[in-house]
There are 2 protein chains.
Amino acid sequence: MTEAVVIIGSGLAGYNLARELRKADANVPITVVSRDHAGFYSKPMLSNALAGKKTAATLVMKPAEKMADEVKITVLAQTGVTAIDTAARVLTLSNGQTLPYRDVVLALGADPIRLPLQGDAADTVLSVNDLDDFARFAEALDTAAGGAPVQRVAILGAGLIGCEFANDLLARGIAPTVLDLAERVLPRLLPPEASARLQEKLQAGGACFRFGVGASAVNRSGQALSVSLSDGSTLDTDLVLSAIGLKPRTDLAAAAGVATGRGVLVNRQLATNVPHVYAVGDCAEVDGTLLPYVMPLMQQARALAATLAGTPTAVAYPAMPVVVKTPAWPTVVCPPPLGATGQWVINATEEAIEARFTAEADPDRLLGFALQGKAVAQRQALAALLPPVLG
Amino acid sequence: MTEAVVIIGSGLAGYNLARELRKADANVPITVVSRDHAGFYSKPMLSNALAGKKTAATLVMKPAEKMADEVKITVLAQTGVTAIDTAARVLTLSNGQTLPYRDVVLALGADPIRLPLQGDAADTVLSVNDLDDFARFAEALDTAAGGAPVQRVAILGAGLIGCEFANDLLARGIAPTVLDLAERVLPRLLPPEASARLQEKLQAGGACFRFGVGASAVNRSGQALSVSLSDGSTLDTDLVLSAIGLKPRTDLAAAAGVATGRGVLVNRQLATNVPHVYAVGDCAEVDGTLLPYVMPLMQQARALAATLAGTPTAVAYPAMPVVVKTPAWPTVVCPPPLGATGQWVINATEEAIEARFTAEADPDRLLGFALQGKAVAQRQALAALLPPVLG
């Protein structure tokens, strides 16, 4: 029997790779190992699910058996991988069995960063990073500590995920308070004018923002919770949602002798330092770059599928706009390359903001953009003017 | 001297290929031949330019000299190609000179389809397909037949471009009348419910639609124009804009013995039937498919750049959402593959329409989608659930 390509992880990266590989090679055995139910769903939809009245059940596009059937793969659900023997090319599974591989692909994803919070309710702080988390979150919204539906939610972090959940909670009639140590929303993605406008629009919908403060403790206070803030004040709330950021999962790789940095280190062909071990998706640090977004993982899946099907292929990144799912003020951003020097040139009207990031030395050289309101319609037209991120 | 890769055409396809190829190969001489000014701009922005208060001059991101400098290419502006000698590998230029090539890439684009209109003002009908067209259009809006600014515009065609221009004219305070032989807007891209909603929103902004009628003649009528319609009625207007569709430019290829169908026929490596002749962009019929949108041409540019740099690479198409630039009712569609059988499942609210096209035999199998209103935020999250178009 030909040995399988084993993909560890059933998120968008894992399943997109499986699909691309099946298209490129009709015969190679493919096994997807997943520590959860392995249903096919889109994680980015979790932060928009309330407005769409979606539940954990309806978010699943396809159960594992269906995916197995459709893509002609083996899916091992509820199965962890505890070790990789890279010399023997064998995985040890959480059920004690072993699984040999021809090639193994780490599509492990990322964990939410947890703040080291004090207090007797620190363990009630939720993050929504997968479907099970979402189910817990939805249930918690329905029944707060005292049994009544949640009225108040504190969101830790005013980045992309924090703002998306803030917007989504508004659709549910809940006015969240968003806290961040930074001074504005999405400071790493948007110029100040665009941050300000997004904040305004979310405020107009009912959200509150408190900047320059961090949370240090969460304590029970009657039926509610009390969040202690770094400025000495407290905030009463019914539920705390943490959206600080993500940390690529690297432990399994590191334990197997695979080089890791911030993520699992791979080259442009998505190969690690160990033969027959690859990585894709949010866990992969590609050529020094971590881009935990949808478009990069789809590019990676295509390139790696070609490589695994026998045509060594480097991943290429075109300019890849990132959609911030804040319907209250639609925002799309194509961040300038890290370390690029230049300036934002902003064209703001009541209905739209168009911000172009141009090179310091050459104002005709477009390096990135942020579009808001009606200007988001220009996303593809503008992206085509940008040079590729990785050519 | 190493002979050059010659790219005929300076649109997004031509220049994106030049940039990708330069990234992949620092040294190969690259020449872009263009029959116009060869400034770098984004054609899709033409149908959104009025709302953004852009002019033909400000739409140009970079003049030809700047592109030449930045990408390290030779740009021959205002230069047509009149013939390709594929045996000798030499182009004949409109200025009488010849230009040898190592490889030649046809990035010729497409011509607007012209209706065979009768009448003494048929020659006043405009199409906006390039920057010069846009300059004429903008000028015509400022000064109608009688010297006064245009109040009324008739748009022939309620497809993507027709709807985009209709929306853009609204931003200028002009209420267009849109005519189409079909019964609804974007019939090939949207399900009926989504067509209806887009039409409603454009109507709410002031646009008029007349379906099931075609134009047969355009005549002068005092200071204005009179359009004769197929139902025997006439429509008075100040300006007629034709947005019927596009026809790939194939004449140059056909004359050189390059096989053409609807477009220039190329395989997955963008190669024609003639050695060293390739095609990309709106003129290229790739593996039987014409996709005159931004994302396909960017995928093509990347694949062909790799091939021309020495690594034969087939183009891959992921699911590629198409943005309909109608800010009055934001719309993004990922059309199901041609010939796919299935049904639209529609979830409509006042603020959004989410339409999923699922396979006939398997309602869990997502094949395409159309998103409108606030649902457009889901575009990337949903696209990741779709199988690749060409894997």
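What the table below lists for this structure:
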{"quantity": "All positions within segment B:36-47 that are at the interface with chain A (Cβ under 9 Å from one of its Cβ atoms), open to solvent by 10 Å² or more (accessible area, probe 1.4 Å) and not charged (D, E, K, R)", "calculated": "B:TYR41, B:PRO44"}
{"quantity": "Any hit, segment B:322-330, residues being within 12 Å of another protein chain (Cβ to nearest Cβ) and among the polar types (S, T, N, Q)", "calculated": "yes"}
{"quantity": "Residues of segment B:48-71 that turn out to be assigned to a loop (DSSP other than H, G, I, E, B), open to solvent by 10 Å² or more (accessible area, probe 1.4 Å) and within 13 Å of chain A (Cβ to nearest Cβ), as a count", "calculated": "8"}
{"quantity": "Segment A:123-151: number of residues that are touching a Pro at 6+ places or on another chain (Cβ under 9 Å) and modelled with pLDDT of 95 or more", "calculated": "4"}
{"quantity": "Options A:LEU291, A:LEU265: the member that is free of Cβ contacts under 8 Å to residues at least 40 places away in the same chain, within 19 Å of A:LEU17 (Cα to Cα) and part of a loop (DSSP other than H, G, I, E, B)", "calculated": "A:LEU291"}
{"quantity": "Members of segment A:94-106 found to be open to solvent by 10 Å² or more (accessible area, probe 1.4 Å), more than 12 Å from A:ALA4 (Cα to Cα) and touching a residue at least 24 places away in the same chain (Cβ under 8 Å), listed by number", "calculated": "A:SER94"}
{"quantity": "Considering residues of segment B:283-294 that are within 13 Å of the chain's Cα centre (by Cα) and open to solvent by 40 Å² or more (accessible area, probe 1.4 Å) only, the residue nearest to the other protein chains (Cβ to nearest Cβ)", "calculated": "B:TYR293"}
{"quantity": "Extreme residue, nearest to B:LEU17 (Cα to Cα), among residues of segment B:76-87 that are open to solvent by 60 Å² or more (accessible area, probe 1.4 Å) and not polar (S, T, N, Q)", "calculated": "B:ASP85"}
{"quantity": "Residue in segment B:126-160 that is most open to solvent (accessible area, probe 1.4 Å), counting only those that are closer than 19 Å to B:CYS208 by Cα and in a loop (DSSP other than H, G, I, E, B)", "calculated": "B:GLN151"}
{"quantity": "Failed criterion for A:ALA204 (all others in (1) more than 22 Å from A:GLY11 (Cα to Cα); (2) in contact with a strand residue (DSSP E or B) (Cβ under 7 Å, 6 or more places away or on another chain); (3) modelled with pLDDT of 95 or more hold)", "calculated": "(2)"}
{"quantity": "Residue within segment B:113-123 that is open to solvent by 20 Å² or more (accessible area, probe 1.4 Å) and of a type in the set (Asp, Glu) present", "calculated": "yes"}
{"quantity": "Any hit, segment A:161-180, residues being in a loop (DSSP other than H, G, I, E, B), open to solvent by less than 60 Å² (accessible area, probe 1.4 Å), touching a Gly at 6+ places or on another chain (Cβ under 6 Å) and of a type outside the set (D, E, K, R)", "calculated": "yes"}
{"quantity": "Residue list for segment B:220-256, restricted to those being modelled with pLDDT of 95 or more, farther than 13 Å from B:THR177 by Cβ, open to solvent by less than 60 Å² (accessible area, probe 1.4 Å) and not in a strand (DSSP E or B)", "calculated": "B:ARG249, B:THR250, B:LEU252, B:ALA253, B:ALA254, B:ALA256"}
{"quantity": "Qualifying residue in segment A:308-317 (condition: more than 13 Å from every other protein chain (Cβ to nearest Cβ), in a helix (DSSP H, G or I) and in contact (Cβ under 8 Å) with a residue 60 or more places away in the chain)", "calculated": "no"}
{"quantity": "Candidate set: segment B:370-389, residues that are closer than 13 Å to B:VAL333 by Cα and not hydrophobic (A, V, I, L, M, F, W, C); chosen: the one farthest from the other protein chains (Cβ to nearest Cβ)", "calculated": "B:GLN372"}
{"quantity": "Hits in segment B:21-47 - residues which are assigned to a loop (DSSP other than H, G, I, E, B) and under 20 Å from the mean Cα position of the chain (by Cα)", "calculated": "B:SER34, B:ARG35, B:ASP36, B:HIS37, B:ALA38, B:GLY39, B:TYR41, B:SER42"}
{"quantity": "Matching option when the condition is farther than 20 Å from B:LEU246 by Cβ and either touching a strand residue (DSSP E or B) at 6+ places or on another chain (Cβ under 9 Å) or in the same structural domain as B:GLY205 (by TED's automatic domain parsing) (or both), among B:GLU350, B:GLU285", "calculated": "B:GLU350"}
{"quantity": "Verdict on A:VAL33 being in contact with a Ser or Thr (Cβ under 8 Å, 6 or more places away or on another chain), hydrophobic (A, V, I, L, M, F, W, C) and either surrounded by 23 or more Cβ atoms within 10 Å (Cβ to Cβ) or in the same structural domain as A:ARG136 (by TED's automatic domain parsing) (or both)", "calculated": "yes"}
{"quantity": "Options A:VAL280, A:VAL274, A:VAL333: the member that is modelled with pLDDT of 95 or more, out of contact with any Lys or Arg (no Cβ under 6 Å at 6 or more places or on another chain) and surrounded by fewer than 23 Cβ atoms within 10 Å (Cβ to Cβ)", "calculated": "A:VAL274"}
{"quantity": "Matching residues, segment B:331-340, being within 12 Å of chain A (Cβ to nearest Cβ) and touching a residue at least 60 places away in the same chain (Cβ under 8 Å)", "calculated": "B:THR331"}
{"quantity": "Answer from B:VAL60, B:VAL75, B:VAL81 - the residue that is within 21 Å of the chain's Cα centre (by Cα), closer than 21 Å to B:ALA13 by Cβ and assigned by TED's automatic domain parsing to the domain that holds B:LEU252", "calculated": "B:VAL60"}
{"quantity": "Wholly enclosed strands (runs of 3 or more DSSP E) of segment B:341-391 bearing at least 3 residues open to solvent by 10 Å² or more (accessible area, probe 1.4 Å) and without any contact (Cβ under 8 Å) to a residue 60 or more places away in the chain", "calculated": "B:342-348, B:352-359"}
{"quantity": "Residue that is farther than 30 Å from A:GLY9 by Cβ and among the aromatic types (Phe, Trp, Tyr), where the choices are A:PHE211, A:PHE137", "calculated": "A:PHE211"}
{"quantity": "B:ALA13 being among the small types (Gly, Ala, Ser), assigned to a helix (DSSP H, G or I) and surrounded by 24 or more Cβ atoms within 10 Å (Cβ to Cβ)", "calculated": "yes"}
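Okay, residues lined up against (1) of a type outside the set (S, T, N, Q); (2) at pLDDT below 95; (3) out of contact with any Cys (no Cβ under 6 Å at 6 or more places or on another chain):
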position: A:LEU17; (1), (2), (3): yes, no, yes
position: A:ARG22; (1), (2), (3): yes, no, yes
position: A:PRO29; (1), (2), (3): yes, no, yes
position: A:TYR41; (1), (2), (3): yes, no, yes
position: A:LYS54; (1), (2), (3): yes, yes, yes
position: A:MET61; (1), (2), (3): yes, yes, yes
position: A:ASP69; (1), (2), (3): yes, no, yes
position: A:ILE84; (1), (2), (3): yes, no, yes
position: A:THR92; (1), (2), (3): no, no, yes
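The values are calculated or read from the model by the stated rules, or taken from the named source; none is laboratory data. Model, not experiment: these values are computed from the prediction. Note that we place each Cβ from the backbone using ideal geometry, even for glycine, and neighbour counts take in every protein chain shown. Only protein heavy atoms, including side chains, enter the accessible area calculation; ligands, DNA and RNA are left aside. Shrake-Rupley method; radii C 1.70, N 1.55, O 1.52, S 1.80 Å.
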